[in-house]
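Following: one structure in structure tokens, then a few remarks.
The values are calculated or read from the model by the stated rules, or taken from the named source; none is laboratory data. Everything numeric in this text was worked out from a predicted model, so none of it was measured. Cβ atoms come from the backbone with ideal geometry, glycine included; neighbour counts cover every protein chain shown.
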Amino acid sequence: MSDQAIRPAAPIPATTEVLIVGAGPVGLTLAAALTERGVDTVLVDRQAEGANTSRAAVVHARTLEVLETVGVSGELVERGVIVPRFTVRDRDRALLSVDFDGLPTKYPYTLMVPQNVTEEVLLRRLHAVGGQVYRPYEVASIVQDGEGVTATMTTGETIRARYAVGADGMHSTVREHAGIGFTGATYGQSFVLADVRLDWDLPPDEVMLYFSPAGLVVVAPLPGGRYRIVATVDEAPEHPGLDDVQALLDTRGPQRRSTKVTEIVWSSRFRVHHRLADSYRAGRVFLAGDAAHVHSPAGGQGMNTGIQDAVALAARLGAVLRDNAPVASLDAYEAERRPVAVKVVAFTDRMTRVATARNAPQRRLRNVVLRVLDRIPAVNRTMAMNLSELAVDPTSRPR
């Protein structure tokens with residue numbers, strides 16, 4: 001049973017300094033960082049329990065760097081699978097290999113760790129610094145004035161805060177009530193997401209992206225001997241079964257090696273959007289994570305960019321509320337983080353369009369280009385820096 005589930009429901013306070021809506025990885029990170037700084041924080045979530053499925057499973061080097069300030073990087077590394085390499089293949093033929101072991105960081109790898117574990121670690125840290133999650137509370141409306149924000153729950157309770165943060169996902173209520181647009185579109189294809197057990201003999205320390213005329217499939221190791229499968233399909237079943245995932249590997253994965261799916265641990269389907277909030281701030285209301293940006297899962301950038309938003313926003317709010325920094329300094333949050341999201345959305349969009357090319361001549365050209373690029377060390381380093389997100393915001397990294 002999760003930590004959230006065994007905690008008794010508690011009434012929300014009438015007032016706070018910062019109200020955070022949404023207790024996923026982004027909201028938990030922000031709440032823990034602010035609470036540790038001594039900022040009075042209330043974190044609410046409409047779900048009765050936290051995540052119990054893996055969903056986002058990639059934690060990149062830059063995210064591990066910023067999570068050091070929250071005090072959770074070490075435990076995440078202990079509980080995850082270290083993956084030093086990302087490979088692109090056309091069935092059995094290797095096209096491109098991206099090695100992370102030369103990255104300028106103490107975390108020269110990709111870490112595979114299920115989202116529910118990430119949330120568990122962050123929640124434990126939040127409790128350790130004196131915070132908690134108030135569940136289940138769903139925000140019905142948010143109204144702001146010159147002095148603060150008043151949020152009303154669907155159950156009628158109200159809470160008054162100096163600032164509010166929407167970390168409540170793509171369909172953000174906070175963003176809607178703040179009147180912030182969410183510009184973008186939806187990819188035509190749907191995605192299969194599954195955690196499985198496999199019987200195969202390929203390396204257990206690589207993330208592998210397979211191209212084929214039938215489409216792409218990604219295979220990545222998870223803790224406990226499981227593997228994450230991601231694939232594009234025209235119309236995915238609601239709950240992909242063993243035969244569905246086996247067919248994806250048979251038609252898109254390795255041909256000369258036996259690959260057998262022995263168990264489906266969890267599966268889902270989803271559609272992917274590429275959207276960006278027109279602004280990250282409206283007065284006393286801020287956005288972070290999927291409420292501010294959503295994009296293709298290519299490269300596993302989504303949760304990582306959101307967690308980095310949270311750490312940056314915690315620093316800005318903490319400086320204003322505890323260190324007497326000028327309120328105008330809060331404008332720097334959007335100036336710092338929105339350009340990062342612009343780059344991430346563009347990068348993942350390019351990766352997705354290249355990976356999902358349907359035209360045979362385009363696929364052949366793509367494969368030739370990737371094999372040429374694989375021989376250029378500078379390209380390998382650039383790809384590694386982009387995938388790890390060490391390249392998107394170099395000015396804020398420790399020297």
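Quick notes on this one:
- Which listed residue, of Val139, Val192, is under 20 Å from Ile12 (Cβ atoms) and buried (at least 19 other Cβ atoms within 10 Å of the Cβ): Val139
- Any chance Gly302 is on the phi > 0 side of the Ramachandran plot and out of contact with any helix residue (DSSP H, G or I) (no Cβ under 6 Å at 6 or more places or on another chain): no
- Residues that are touching a Phe, Trp or Tyr at 6+ places or on another chain (Cβ under 9 Å) and either assigned to a helix (DSSP H, G or I) or among the polar types (S, T, N, Q) (or both), drawn from the stretch 225-247: Thr232
- Residue check, Arg257 surrounded by fewer than 19 Cβ atoms within 10 Å (Cβ to Cβ), modelled with pLDDT of 95 or more, at negative phi and of a type in the set (D, E, K, R): no
- Filter result for Arg275 (among the basic types (Lys, Arg), touching a Gly at 6+ places or on another chain (Cβ under 8 Å) and within 30 Å of Asp331 (Cα to Cα)): yes
- The stretch 171-189: number of residues that are under 21 Å from Ala31 (Cα atoms) and surrounded by 15 or more Cβ atoms within 10 Å (Cβ to Cβ): 5
- Scan of the stretch 302-353 for residues that are touching an Asp or Glu at 6+ places or on another chain (Cβ under 9 Å), free of Cβ contacts under 8 Å to residues at least 24 places away in the same chain and surrounded by 14 or more Cβ atoms within 10 Å (Cβ to Cβ), ordered by number: Arg316
- Of all the residues in the stretch 195-225, those that are without any contact (Cβ under 8 Å) to a residue 60 or more places away in the chain and surrounded by 21 or more Cβ atoms within 10 Å (Cβ to Cβ) number 3.
- Scanning the stretch 133-162 for residues that are within 19 Å of Leu317 (Cβ to Cβ) and not in a strand (DSSP E or B) turns up Asp145, Gly146, Glu147, Gly148.
- Residue list for the stretch 371-386, restricted to those being over 20 Å from Asp90 (Cα atoms) and surrounded by fewer than 16 Cβ atoms within 10 Å (Cβ to Cβ): Pro377, Ala378, Thr382
- Total residues in the stretch 60-72, condition under 20 Å from Ala391 (Cα atoms) and small (Gly, Ala, Ser): 1
- Residues of the stretch 59-69 satisfying the condition of being assigned to a loop (DSSP other than H, G, I, E, B) and touching a Ser or Thr at 6+ places or on another chain (Cβ under 6 Å): His60
- In the stretch 93-125, residue farthest from Ile376 (Cα to Cα) [restricted to those that are among the charged types (D, E, K, R) and over 20 Å from the mean Cα position of the chain (by Cα)]: Lys106
- Test set (1) surrounded by 21 or more Cβ atoms within 10 Å (Cβ to Cβ); (2) out of contact with any Phe, Trp or Tyr (no Cβ under 9 Å at 6 or more places or on another chain); (3) closer than 19 Å to Phe182 by Cα - Ala291 fails condition number: (2)
- Unique residue being in contact with a helix residue (DSSP H, G or I) (Cβ under 9 Å, 6 or more places away or on another chain) and within 30 Å of Val217 (Cα to Cα) when the list is Gly131, Gly102, Gly166, Gly188: Gly102
- Here the condition is being touching an Asp or Glu at 6+ places or on another chain (Cβ under 6 Å) and aliphatic (A, V, I, L, M); of Ala231, Ala288, it holds for Ala288 alone.
- Residue check, Arg226 modelled with pLDDT of 95 or more, more than 26 Å from His274 (Cα to Cα) and of a type outside the set (Gly, Ala, Ser): no
- Every listed requirement among (1) closer than 16 Å to Gly300 by Cβ; (2) touching a helix residue (DSSP H, G or I) at 6+ places or on another chain (Cβ under 9 Å); (3) of a type outside the set (Phe, Trp, Tyr); (4) at pLDDT 90 or above is met by Val196 save one, (1).
- Answer residue from the stretch 150-168, given it is surrounded by fewer than 24 Cβ atoms within 10 Å (Cβ to Cβ) and of a type in the set (A, V, I, L, M) and is nearest to Asp290 (Cα to Cα) among those: Met153
- When residues in the stretch 281-294 are screened for being small (Gly, Ala, Ser) and part of a strand (DSSP E or B), 1 of them pass.
- Scanning the stretch 170-224 for residues that are assigned to a helix (DSSP H, G or I) and of a type in the set (D, E, K, R) returns Arg175, Glu176.
- Filter result (part of a strand (DSSP E or B) and at pLDDT 95 or above) within the stretch 30-58: Thr41, Val42, Leu43, Val44
- A Cβ distance below 6 Å, combined with a sequence gap of six or more or placement on separate chains, defines the contacts here; from the stretch 121-143, residues that are within 10 Å of Arg46 (Cα to Cα) reach residues that are modelled with pLDDT of 95 or more and of a type in the set (Ser, Thr, Tyr) in the pairs Val139/Thr173.
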